[in-house]
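Peer 1: This is the structure I have questions about; it appears just below.
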Amino acid sequence: MLSSLQMVASKALGGAERWFMRFSAALAEQGAPTQLAIRAGSELERLDGGPLPLHRLPFRTVWDPVSRFAVTRLIRELEPDIVQTYMGRATRLTRLPRGRGPVHIARLGGYYKLSAYRHAHAWIGNTKGLCDYLIHNGLPASRVFHIYNFIDPPAPLPAERVAAVRSGLGVPDDAWLLLTPGRFVPVKGHRYLIDALARLPERIAGRPLRLVLLGDGALGARLETQARQLGVAERIVWAGWQQEPAPFFELADLVVFPSLELETFGNVILEAWAHRRPLLTSLFRGAREIARPGEDALCVPCADPAALARGVQTLLGDAALRRALATSGQERVRRDFGRVPIVRQYLDLYQRLGAAR
């Protein structure tokens with residue numbers, strides 16, 4: 001089985017970085033020799049890579065000669081069959097000749113400017129829409145491949161652990177809990193969600209409403225100011241970034257994902273489905289491709305606080321609809337987004353590209 005070096009240069013943690021670790025572990029579990037290269041001092045060091053060999057590189061800037069030398073030297077030392085890079089910095093710093101040696105695959109999870117990616121030997125997009133974008137912008141269709149992300153079924157959690165997390169939130173015992181995971185960056189649409197919260201009554205069906213924001217980021221202070229100005233600060237729990245978000249999903253009555261149009265895939269959709277939680281999502285690019293409105297998610301337009309508020313009221317007022325969406329979402333994960341079939345697609349692609357060197 002072909003060996004691979006998986007490289008990401010991110011400084012902060014988010015959905016893409018969680019995927020990087022989850023995917024790398026899944027490769028190793030399938031018997032594929034896998035090593036990791038991450039940015040030294042980054043938040044990825046907080047994640048558990050298990051037995052996977054971990055290399056820490058400078059990844060300082062895309063033009064830094066020391067960083068490029070470190071990448072080149074590591075590849076020369078490890079001699080992997082496949083070098084798979086994520087996002088711009090790791091991809092820019094990886095320069096491999098064509099036709100011999102390792103195959104360089106750039107794995108994209110966003111609609112990026114392609115100048116940073118054209119030198120790769122092949123490209124993977126995690127949605128069909130993204131692959132269409134790559135081909136439309138000049139990458140050869142024969143070297144562009146679509147493979148979705150996968151999600152694992154959550155492991156059972158002790159009831160006392162879940163109860164302890166809820167107690168730590170400091171919310172009323174009977175409160176509805178709306179959960180929104182995601183970094184505080186513009187594309188996640190948090191400001192529209194906070195606006196929506198201000199449009200909702202303090203109690204729905206006799207129960208108080210609380211929004212749990214699971215994340216952090218550059219917009220944090222601005223979002224807190226917005227919440228205070230709208231008079232909803234006391235109805236929001238700022239839970240911060242959580243290395244283990246599973247208990248929060250278990251507590252959620254509803255997962256709300258208000259991302260904007262440029263959101264490419266949206267791992268939160270899969271996480272909500274895997275935890276069998278009803279999902280309210282905006283219809284950004286990724287959601288339009290994978291969600292089935294009214295069947296496995298209630299969908300609303302992007303950047304529309306009024307629609308988000310109506311969606312929350314609709315779902316919290318209809319237990320049968322919540323159960324139906326959650327059940328269908330869980331089935332979608334089992335059928336379309338499981339670990340084994342997705343990893344098999346990657347391994348088959350590695351074999352095909354490696355054989356064609």
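Peer 1: Among the residues of region 282-305, which ones are under 13 Å from Leu193 (Cβ atoms) and open to solvent by 30 Å² or more (accessible area, probe 1.4 Å)?
Peer 2: Cys302, Ala303, Asp304
Peer 1: Do we have Leu349 as among the aliphatic types (A, V, I, L, M), surrounded by fewer than 20 Cβ atoms within 10 Å (Cβ to Cβ), touching a residue at least 24 places away in the same chain (Cβ under 8 Å) and touching a Phe, Trp or Tyr at 6+ places or on another chain (Cβ under 8 Å) here?
Peer 2: yes
Peer 1: Going by the structure shown, is Arg335 without any contact (Cβ under 8 Å) to a residue 12 or more places away in the chain and under 30 Å from Ala122 (Cα atoms)?
Peer 2: Taking the combined requirement at face value, the residue satisfies it.
Table: residues versus (1) at pLDDT 95 or above; (2) under 17 Å from the mean Cα position of the chain (by Cα); (3) crowded, with 18+ Cβ neighbours inside 10 Å; (4) over 27 Å from Gly129 (Cβ atoms).
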{"position": "Val8", "(1), (2), (3), (4)": "yes, yes, yes, no"}
{"position": "Gly15", "(1), (2), (3), (4)": "no, yes, yes, no"}
{"position": "Gln30", "(1), (2), (3), (4)": "no, no, no, yes"}
{"position": "Ile38", "(1), (2), (3), (4)": "yes, no, yes, yes"}
{"position": "Arg60", "(1), (2), (3), (4)": "no, no, no, yes"}
{"position": "Arg73", "(1), (2), (3), (4)": "yes, no, no, yes"}
{"position": "Pro80", "(1), (2), (3), (4)": "yes, no, yes, yes"}
{"position": "His104", "(1), (2), (3), (4)": "yes, no, yes, no"}
{"position": "Tyr117", "(1), (2), (3), (4)": "yes, no, yes, no"}
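Peer 1: Which fully enclosed helices (runs of 4 or more DSSP H) of region 41-139 have 2 or more residues being without any contact (Cβ under 8 Å) to a residue 60 or more places away in the chain and under 30 Å from Glu261 (Cβ atoms)?
Peer 2: 87-92, 128-136
The values are calculated or read from the model by the stated rules, or taken from the named source; none is laboratory data. The structure displayed is predicted, hence computed values, not measured ones. Positions of Cβ are backbone-derived with ideal geometry, glycine not excepted, and every protein chain shown enters the neighbour counts. Keep in mind that these areas ignore ligands, DNA and RNA; they rest on the heavy atoms of the full protein, side chains included. Shrake-Rupley method; radii C 1.70, N 1.55, O 1.52, S 1.80 Å.
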